[in-house]
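*Asks:* My structure is below; once you've seen it, I'll send some questions.
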Amino acid sequence: MSTTPVEPAEAARQAAFDATIAHHDRIEPRDWMPDGYRKTLIRQIAQHAHSEIIGMQPEGNWIGRAPSLRRKAILLAKVQDEAGHGLYLYSACETLGIARSELVDMLLSGRQKYSSIFNYPTLSYADVGTIGWLVDGAAICNQVPLCRTSYGPYGRAMIRICKEESFHQRQGYELLRTMMDGTDAQRAMVQESVDRFWWPSLMMFGPPDAESPNTEQSMAWGVKRNSNDELRQKFVDMTVPQAQALGVTLPDPALRWNAERDHHDFGEPDWSELTAVIRGNGPCNTERMAHRRAAHEDGAWVREAATAFAARSAAKAGAR
Ligand code: 3HC
C-alpha cells in the first residue's frame, strides 16, 4: 500500500513546526511535534520536577533545627515552594501525554534522574544559606533562559518558578551575610560549607558541552537556549563578586579574571565525580531514594481516598 497521501501532510506538519521554532514562537500541546522533541521534553521536564521534589530533602533536614522562628518560617516557605515547583512541572509534563503516576514510577524505578546536587549532605546550618546562594543561584542561571523555551507550558511554569527562585537565592545570601557578620566560628562554618558546595554547584550545569549528548539537538529545537558551558561561565562570573562581598573564598586556585576573554577563568570540576553521582553512587543517593519511596508509600491512602472521592462525585453527577 502506498503511503504517498500521508507524506505531504506530514511534511506540512514538520514545516509548520520548523517555522514556529525558527520564529522563536511557542509550541503548544495541541500542535504537532516530532517524537524526539516530545521525548526530550518529557525527559528534561520530568527530571526537573523530580529534582524539585527530591530537593526538598537536604534543607528539610534543618526545619526542626532552625535557630529562630523567623528562620524556620523562611525555610518552611522555601521547601513548600519546591513542592509547588515540582507540581507545576509535573503538570507541564502531563500536557505531553504522560501521566504523573508514570513519571513518579520512572523516578522510583531509577529510569529517570534528578539533579546530582541533591545527593550531597547538609552537615551544618550554614548549608541552608549556601544552598540558597549557590545552588539556587545556579538554578536561576540555568532556568531564566528556560522561561523562553520553545514549549509553552514549560516556559510559563518557569516564569513563576524563577520569581520564587530569586527569593530563595536572596534568603540564602542574607543568611550567610548574617553569619559572616557574626562570630569567628560562624564565619568558619560558612567557609567550610562553601568549600563543600562550590564544585557540586558547578556540576549542576551538566557535563562539558563536548560530552553533552543532548545539548546540540535541544538547542536546535529551542528547548535549551544556552549550552551547559555557557551557563556555567555565567554563574561563575555572577558569583565571584558576590563571594568577595560576603568575604568568603571560592575553593579554586585557578579562579581569576581574564581581561582578554572578559570572563573569569576557573578550574575543571572533577567530572568523574559527576558521573558517579548521576549513576547513583553519590554520598546520599541511597538515602534520598529510600526517603522518597517511603514518602510515596505513606501517601498511598491519600491517593486512594482522592480516587474514591472522584469516583463518588462522578457517580453522583451521573445520577443527577
Ligand atoms: N544531575 C543529574 N543528571 C545530569 C546532570 C546533573 N547535574 N547534568 C546532566 N545530567 C544528565 C542528563 O540528564 C543526561 O542524561 P539522560 O540523557 O539520561 O537524561 C546526561 O546527564 C547528559 O547530559 P546533557 O548535558 O546531554 O543533558 P541535558 O541536555 O538534558 O542538560 C541539564 C542537562 C542542563 C540539567 C538540562 O536537563 C536542564 O537544563 N534541565 C532543567 C533544569 C533542571 O533540571 N534543574 C535541576 C535542578 S532544580 C533546582 O535546583 C531547584 C531547586 O530549587 C530545588
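Taken together, the values in this text are just the output of simple stated rules run on the coordinates, not laboratory data. In this text, all values refer to a predicted model and were calculated from it rather than measured experimentally. We place every Cβ from the backbone using ideal geometry, glycine too, and count neighbours over all the protein chains shown.
*Asks:* Measure out, as a whole number of angstrom, how far apart the alpha-carbon centroids of segment 266-299 and segment 24-97 sit.
*Replies:* 17 Å
*Asks:* How long is the gain from Lys316 to Ala11 if the chain were fully straight, where each residue apart is worth 0.36 nm and the alpha carbon distance is subtracted? Let's see the in-between values first.
*Replies:* Working: separation 305, 0.36 × 305 = 109.80 nm, distance 4.70 nm.
Length gained between Lys316 and Ala11: 105.1 nm.
*Asks:* What list of ³J(HN,Hα) couplings, whole Hz, do you get for segment 92-100 from phi and the Karplus terms 6.51, -1.76, 1.60, once you set θ to phi - 60° and write x for glycine and proline?
*Replies:* Using θ = phi - 60°, the values come out as 4, 5, 5, 5, 8, x, 10, 8, 4 Hz.
*Asks:* Next question, about the same structure. List every residue whose amide H lies under 5 Å from the amide H of His263, counting only residues 5 or more places away in sequence or on a different chain, with H placed 1.01 Å from N in the peptide plane.
*Replies:* Result for His263 returns Asn258.
*Asks:* Order these by the 10 Å Cβ neighbour count, fewest first: Trp257, Trp133, Trp198.
*Replies:* Working: Trp257 11, Trp133 30, Trp198 22.
Exposure proxy ranking, most exposed first: Trp257, Trp198, Trp133.
*Asks:* Angle between the Cα long axis of helix 35-54 and the longest principal axis of the chain, 0 to 90 degrees, nearest 10?
*Replies:* Computed tilt is about 40 degrees.
*Asks:* Of His168, Val135, Phe197, which is farthest on the positive side of the dipole of segment 118-237, counting Cα position, with +1 on Lys and Arg Cβ, -1 on Asp and Glu Cβ, and the Cα centre as origin?
*Replies:* My answer, from the dipole projection, is His168.
*Asks:* Rounded to whole Hz and in sequence order, give me ³J(HN,Hα) for segment 109-126 from the Karplus expression 6.51 cos²θ - 1.76 cosθ + 1.60, θ = phi - 60°, writing x for Gly and Pro.
*Replies:* Each residue of segment 109-126 in turn: 8, x, 7, 10, 9, 9, 4, 3, 4, 7, 9, 10, x, 9, 8, 9, 5, 4 Hz.
*Asks:* Order of 149-156, 174-181 by packing, highest average Cβ count within 10 Å first? List each step's numbers first, then the result.
*Replies:* Values: 149-156: 21.2, 174-181: 17.6.
Highest-to-lowest ranking by the protection proxy: 149-156, 174-181.
*Asks:* Please work out the Kirkwood hydrodynamic radius for segment 24-146, using every pair of different C-alpha atoms, and report it in angstroms with one decimal place.
*Replies:* Working: mean 1/r = 0.0631 Å⁻¹.
One over the average 1/r among Cα pairs gives 15.8 Å for segment 24-146.
*Asks:* How far apart, in nm, are the 7 Å Cα→Cβ label points at Ile159 and Asp265?
*Replies:* So the label points at Ile159 and Asp265 sit 4.2 nm apart.
*Asks:* Right, something else. Once you sort the root eigenvalues of the Cα gyration tensor of segment 194-320 as a ≥ b ≥ c, which label holds: rounded (a/c under 1.5), prolate (a/b larger than b/c) or oblate (the other case)? List each step's numbers first, then the result.
*Replies:* Details: a/c = 2.72, a/b = 2.17, b/c = 1.25.
Because a/c hits 1.5 or more and a/b exceeds b/c, segment 194-320 counts as prolate.
*Asks:* Let me ask another. Tabulate in residue order the Karplus-calculated ³J(HN,Hα) for segment 194-199, using 6.51 cos²θ - 1.76 cosθ + 1.60 with θ = phi - 60°, rounded to whole Hz; enter x for Gly and Pro.
*Replies:* 4, 4, 6, 8, 4, 5
*Asks:* Quick one: which residues, 5 or more positions from Ile27 or on another chain, have an amide H under 5 Å from its amide H? H modelled 1.01 Å from N in the peptide plane, none for Pro or chain starts.
*Replies:* The answer is Tyr151, Gly152.
*Asks:* Any of Lys39/Lys78; Lys39/Lys113; Lys78/Lys163 with alpha carbons more than 23 Å apart? Name them for me.
*Replies:* Details: Lys39/Lys78 30 Å; Lys39/Lys113 14 Å; Lys78/Lys163 12 Å.
Violating the 23 Å limit, Cα to Cα: Lys39/Lys78.
*Asks:* Against the longest alpha carbon principal axis of the chain, how many degrees, from 0 to 90 and to the nearest 10, is the axis of helix 285-298 turned?
*Replies:* Helix 285-298 and the main axis of the chain meet at about 50 degrees.
*Asks:* Just from its helices, what would the mean residue ellipticity at 222 nm be for the chain, if runs of 4 or more DSSP H residues each count -39500 (n - 2.57) and the sum is divided by every residue, rounded to the nearest 500 deg cm²/dmol?
*Replies:* -20500 deg cm²/dmol
*Asks:* Sort the chain into rounded, prolate or oblate with this rule: let a ≥ b ≥ c be the square roots of the eigenvalues of the Cα gyration tensor; rounded if a/c is under 1.5, and if a/c is not under 1.5, prolate when a/b is larger than b/c, oblate otherwise.
*Replies:* Numbers: a/c = 2.15, a/b = 1.31, b/c = 1.65.
Because a/c hits 1.5 or more and a/b fails to exceed b/c, the chain counts as oblate.
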